[in-house]
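Undergrad: The structure that follows is given in the form of structure tokens.
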Amino acid sequence: MRAAVISVHTSPLAQPGKGDAGGLNVYVLQSALNLARRGVAVDIFTRATSSADPAVVAVAPGVTVRNVIAGPFEGLDKYDLPTQLCAFAAAVLRAEAAQEPGYYDVVHSHYWLSGQVGWLAADRWAVPLVHTAHTLAAVKNAALADGDIPEPPLRAVGEQQVVDEADRLIVNTAIEADELVALHNADPDRIDVVHPGVDLEVFTPGDRTAARAALGLGDGPMVAFVGRIQPLKAPDVLLRAVAQLPDLQVVVAGGPSGSGLAAPDGLAELAADLGMADRVTFLPPLPRAELADLYRAADLVAVPSYSESFGLVAVEAQACGTPVVAARVGGLPVAVRDGVTGVLVDGHRPDDWAAALGAVLSSGRLAEMGRAAVEHAGGFSWGHTADALLESYRRAIADYGRERQRAAGLALRARRDGRRWNLRRGVRA
């Protein structure tokens, strides 16, 4: 099988936690690597963001990233990218046209911008479209942080078009499936629930003291935040909560993103205003090995987001044996077992978060929760994700073939009926 994977707005090779790169990048790359191990050749089409990006990158046997030139390399965020979809789609179609007919068996698009391109490509190539939304505009807009920018109406329209056209829809959790049905009238029979995974060879338990030494971190109780620094991820809620817990240190690993770019130093300024600048350590987005060390170094990892379709950070942290305190939103109740591998918090009041963090740290259950966390995370491997994706691809291909046969049969019958009608009328068929 050969799959064309479309990821317009962010490259699977980008560093997560910086710019628009996050869990989607990890998902696209790791699922491709594991699909390739199962015999699927994967071409990933993404937009080039630097003149130094090579046109083609062979990432691993069976996985190729194709950097498509569409618009200026820099200065475009994802809200500008609809203007470049024609250029991007043309390049994707040209790449396929250079191959033998029938080169791809399936198209898998990620995020609504990619869905627009995938819809066109799948229609042109006469193959099925599988789509993963990752997030939905209506869900994000219903849970905006104070002062955050809502998703534009254009996105909701584009998402509806892709839902209507996709042959199969992949969602992270059953909660997301219900949202697709309720908000976009999706056909439940075309939805497959596929949990994202975690690299269980990289994210493993380890020695906390050694991990802190490797990152230059001190002693004492510590909570970590990992992700893009923007209102959606709510790192400010964590700082305001920790301000009420005077013995607790905070490590923030990530870079400004989205509306957070308007005030890139805003979180550091907030820490100073709260009188806790000496208790907050800021780290840049970390490569995976160092990120695993950070998870091991922390007593807790906090995921206070206003919206998360799943929450890969929560699963990665648990795989390293670190309990998680997370918001009870989106897919986080699936990623975290409340009261067993961590705690879920209702809402985003700093007082509630301070109480939850303090209760877990003083419970005497950190080691017990850590052991349960490792076991829980073990059920979310990328191998399991790839197996489920492959089954969805096979269903899409089989259903698409049956539908084409049915349509061809109807067309043939119509032509035959038309000839009979013309002969009865004395008209040459």
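Throughout, read-outs are computed from the coordinates displayed, never taken from laboratory work. No experiment lies behind these values; they were computed from the predicted model shown. Because the Cβ atoms are built from the backbone with ideal geometry, glycine has one as well, and the counts that use them run over all protein chains shown.
Undergrad: Could you list Asp346, Asp53, Asp189 so that the one with the fewest beta carbons within 10 Å of its beta carbon is first and the one with the most is last?
TA: Ascending Cβ contact count within 10 Å gives the list Asp189, Asp346, Asp53.
Undergrad: State the extension gain, in nm to one decimal, for the chain segment bounded by Val59 and Glu375, taking 0.36 nm per residue of separation less the distance between their alpha-carbons.
TA: The Val59-Glu375 span can extend by a further 110.7 nm.
Undergrad: Next question, about the same structure. Whole-Hz ³J(HN,Hα) for each residue in the stretch 68-82, computed from phi via Karplus 6.51 cos²θ - 1.76 cosθ + 1.60 with θ = phi - 60°, x for glycine and proline: what do you get?
TA: Result, ordered by residue: 8, 7, 8, x, x, 5, 10, x, 10, 9, 5, 6, 8, 5, x Hz.
Undergrad: While we're looking at this one, here's another question. Starting from the Kirkwood Rh over alpha-carbon pairs, what translational D in µm² s⁻¹ does the stretch 26-77 have by Stokes-Einstein at 10 °C and 1.306 mPa s?
TA: Diffusion coefficient, whole number: 135 µm²/s.
Undergrad: Just to be sure I follow the definition: excluding the sites themselves, where is the longest run in the chain that has none of the GluC sites (Glu not before Pro) in a DSSP loop with at most 11 other Cβ atoms within 10 Å?
TA: The segment 202-429 is the longest one with no such site.
Undergrad: Based on C-alpha coordinates, I'd like the Rg and Dmax of the chain, in Å.
TA: Just the Cα atoms of the chain yield Rg and Dmax of 23.8, 96 Å.
Undergrad: Apply the Debye scattering formula to the stretch 208-379, with a single equal point scatterer on each alpha-carbon and no solvent, then give log10 I(q)/I(0) at q = 0.16 Å⁻¹.
TA: Taking Cα atoms of the stretch 208-379 as identical point scatterers yields -0.87.
Undergrad: Using the count of nearby Cβ atoms within 10 Å as a rough guide to exposure, how do Asp207, Asp146, Asp192 rank from fewest to most?
TA: Asp146, Asp207, Asp192
Undergrad: Taking the Cα centre of the stretch 208-379 as origin and charging only Cβ (+1 Lys, Arg; -1 Asp, Glu), how large is the dipole, in debye to the nearest 20?
TA: 340
Undergrad: Sum -39500 (n - 2.57) across every DSSP H segment of at least 4 residues in the chain, then divide by the residue count to get the 222 nm mean residue ellipticity, nearest 500.
TA: So the calculated ellipticity at 222 nm is -13500 deg cm²/dmol.
Undergrad: Please compute the net charge surrounding Val202, taking Lys and Arg as +1 and Asp and Glu as -1 over other residues with Cβ under 13 Å from its Cβ.
TA: -3
Undergrad: Okay, moving on. Report, in cubic angstrom per residue, the convex hull volume of the C-alpha atoms of the stretch 255-341.
TA: 119
Undergrad: Rounded, prolate or oblate: which fits the stretch 144-205 when a ≥ b ≥ c are the square roots of the eigenvalues of the alpha-carbon gyration tensor, with rounded for a/c under 1.5 and prolate only if a/b beats b/c?
TA: It comes out oblate by the Cα gyration axes.
Undergrad: A follow-up question, please. Around Ile229, what is the net charge, scoring Lys/Arg as +1 and Asp/Glu as -1 over all other residues with Cβ under 11 Å from its Cβ?
TA: +1
Undergrad: Val26: net charge of surrounding residues, Cβ under 12 Å, Lys/Arg +1, Asp/Glu -1, itself excluded?
TA: That works out to -1.
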